[in-house]
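The values are calculated or read from the model by the stated rules, or taken from the named source; none is laboratory data. None of these values were measured; they are calculated from a predicted model. Here the Cβ positions follow ideal geometry from the backbone for every residue, glycine too, while neighbour counts run over all protein chains shown. These accessible areas exclude ligands, DNA and RNA; they are computed on the full protein's heavy atoms, side chains included. Shrake-Rupley method; radii C 1.70, N 1.55, O 1.52, S 1.80 Å.
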Amino acid sequence: ISPDTSFRRKLQRDIKEKLFGEGDIFVWDSLDSYAEVLGVDLFRATGSLFADFKALKRLGCSCLILHHPNKMGQYAGKVTIKAQSDALFSMQSLGKYKWQLVAEKHRGREVLSGYTDCFVSIENGEIQIITDLVPGDDEYVVMSILDELSAGDKKQYEIIRALKEKDVSK
């Protein structure tokens, strides 16, 4: 979501009317843009931005918030963002078409509980994912999801159906 000046008012109206619910996913690109539109200083008032995200969460929605580092590699409001988030990942470039995705925080989510980090690369047009997992049930869940995601262009409902067939819950 790249909000404009009237976005928050419309969003709060839609939340109040419960137009969103379980399974709806919001992607905010980026936290900086949202703060700028609202006139909020990320260093001083990051927590106030999370009111909208928490209201959506109470309705059963998921929010993915993109936040970019400055030129020094630091994040504005990082302490507050980490405290307010259920899960926090950082992605660092390891060269052309290679990244490391690190789970910095998670609150016991089923898929994340055995997960520490992974490396993602694109080689010859194919996505390669290498994970570092704790053995056990969580490994089966993560590997099942990664298998479905890397199997090609599938719709969300197709991935969910395939995971249910493998006894991985939605």
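Note on PHE43/ILE160: beta-carbon distance plugged into 1/(1 + (r/R0)^6) with R0 of 35 Å gives a FRET efficiency of 0.35. Extension gain, SER93 to MET143, is 15.7 nm, computed as 0.36 nm per intervening residue step minus the present C-alpha separation.
Solvent-accessible surface of region 13-79, taken per residue with a 1.4 Å probe and all protein chains present: 64 Å².
Annotation: amide H-H contacts under 5 Å for ASP24 (H modelled 1.01 Å from N, sequence separation of 5 or more, or interchain): SER62.
Across all directions, the average projected area of the convex hull around the alpha carbons of region 1-50 is 3.6 nm².
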